Amino acid sequence: MNLLLLEPGSVNDGRAVLRGHQARHVLTVLRAVPGDILRIGLRDGPRGTARVLRLVDDEVELACTLEDHVPPRPPVDLLLALPRPKVLKRLWAQLAAMGVDRIMLTNAARVERNYFDTHVLDPEFYTPLLIEGLQQAQDTRLPRVTIHRQFKPLVEDELDGLSDAPRRLLADPTGADRPAGAPEERILLAVGPEGGWVDFERELLSRHRFQPFSLGPRTLRTDTACVALLAVVTQRPHKTPTCNLQPET
């Protein structure tokens, strides 16, 4: 845990009291003692530092100093065909750590319908995993998650209201090289299901300004593909090297 992410409103008059798993982490993993300085942040708020004042039983009292500014939201939105539940379980923390602003999970022709019934889609399940990823990356901006059971209405009617990214990229093995873009430009990245997008989905996304690109002939698992793709698009050089991707498992 590289940063303790606290809930909004948990710091009052510069003081915060940790309980539960965060207090146990400070006590048993960090082995903090009074006077130690810890990195902290408020969820969707500023980062800062905290001095350990007191450790009593399962409570840790902190004196907090927060920065004046809030980190900007990450510059990448992700449109992801819903993967298998066990894959998505592995992905939650990684997506937050890699820096995704909005996660839009969607149906697709090659998505099994029973995937939508999993508890892995419950906010009570995935929010702690997203927080885990943020703490690892020392960020405070919690990804915003939406779930869409109908692909066509999402792309045609809802997508413009969910993401204002001017550049849209479609991960698909039929695509060419990723087009160069300005480093500060926001990106909406679409990653398909296991087995890839079908022709109708490719055509629909292309009609809505998605530019296909690929990372090569190797078949990757969805979680590996997502991390590789996010690493590529978040670098965003002005000149893009030749690269291809197939986000299949």
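Could you line up 213, 200, 151, 116 from fewest to most neighbouring Cβ atoms inside 10 Å?
Details: 213 24, 200 12, 151 20, 116 15.
Lowest to highest Cβ neighbour count: 200, 116, 151, 213.
Antiparallel DSSP bridges in the chain: what percent, to the nearest 5? List each step's numbers first, then the result.
On the way: 19 of 47 bridges.
Of those bridges, close to 40 percent are antiparallel.
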Rg over Rh [alpha-carbon atoms, Kirkwood Rh] for the stretch 1-108: 1.07
Give me the number: length gained by fully extending residue 119 to residue 198, i.e. 0.36 nm times residue separation minus the C-alpha to C-alpha distance, one decimal in nm. 25.7 nm
How long are the three semi-axes of the equivalent ellipsoid for the chain, computed from the Cα gyration tensor as the root of 5 times each eigenvalue, in whole Å, largest first? 38, 19, 16
Dipole axis of the stretch 76-235 (+1 Lys, Arg; -1 Asp, Glu on Cβ), positive-most option in 162, 111, 220: 220
Net +/- balance of residues flanking residue 91 in space, Cβ distance below 14 Å, scoring K and R +1, D and E -1: +2
The summed charge of the residue 205 Cβ neighbourhood (under 9 Å; Lys/Arg +1, Asp/Glu -1) stands at +1
Around residue 73 (Cβ within 12 Å, Cβ-to-Cβ, excluding residue 73; K/R +1, D/E -1) the net charge comes to -1
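Among DSSP beta bridges whose residues both lie in the stretch 4-66, state the antiparallel percentage, nearest 5. Provide the component values of the computation, followed by the final result.
Working: 18 of 21 bridges.
DSSP beta bridges in the stretch 4-66 are roughly 85 percent antiparallel.
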Hydrodynamic radius of the stretch 4-66 per Kirkwood, over alpha carbon pairs, in Å: 11.4
Using alpha-carbon positions, what is the distance between the centroids of the stretch 198-231 and the stretch 135-158, in Å? 17
Rounded to the nearest 20 debye, dipole of the stretch 1-141 from Cβ charges on Lys, Arg, Asp, Glu: 480
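Laboratory data are not the source of any read-out in this text; all were calculated from the coordinates shown. Source: prediction; values computed, not measured. For neighbour counting, all protein chains shown are included, and Cβ atoms are generated from backbone atoms with ideal geometry for every residue, glycine included.
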